[in-house]
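Nothing in this text is a laboratory measurement; each read-out follows from the coordinates by a stated rule. Being a predicted model, the structure only gives us computed values, none of them experimental. Here Cβ is always computed from backbone atoms with ideal geometry, including for glycine, and neighbour counts include all displayed protein chains.
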Amino acid sequence: MMKKYLAAVALALISSSSFAYYCSYTTYISNDDKFNTSGKFLGNSVTKKAAAAILRQERAYAGSWECGLGDADSRARFEEKVKRSNLSPAVIKRIVRGNPTVRVEIYDSYVKVY
């Protein structure tokens, strides 16, 4: 019984550390955010990959150091984290096809977007 309890506690500690909250922000996704700095359109398909690229580009255009996303390397890591996250199809469609205001919550291992 004690082994099971210790295993459960260890798993909870390991799991909680990878889900620690880091930062959040609210932003408007404009049509400009759907083009990278080279002029390439990022919204050709309604995919998580496209939504992640658009969210990354929005932070680049915002010129914001908010949530530690002020440099290209940090934004690249953020984009990869978004790609690994569980975004709903509705959120992905809103980002790629619309101009929504979204709430972004960044955790150690993933990103939530509403």
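Key figures
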| quantity | calculated |
| --- | --- |
| Proximal charge balance of PHE19 [Cβ under 14 Å; K/R count +1, D/E count -1] | +1 |
| For region 61-70, 3J(HN,Hα) per residue [Karplus equation, 6.51 cos²θ - 1.76 cosθ + 1.60, θ = phi - 60°, Hz, x = Gly/Pro] | 5, 5, x, 9, 8, 4, 6, x, 9, x |
| Region 39-114: Rg to Rh, with Rh as the Kirkwood radius over Cα pairs | 0.92 |
| Cβ-based net charge around LYS49, under 12 Å, with every Lys or Arg adding one and every Asp or Glu removing one | +2 |
| Segment TYR25-SER38, length gained on full extension (0.36 nm per residue, minus Cα span) | 2.1 nm |
| Sequence-distant residues sharing a close amide H with SER109 (under 5 Å, placed H) | ALA20 |
| Rg/Rh (Cα only; Kirkwood hydrodynamic radius) as it applies to region 36-83 | 0.96 |
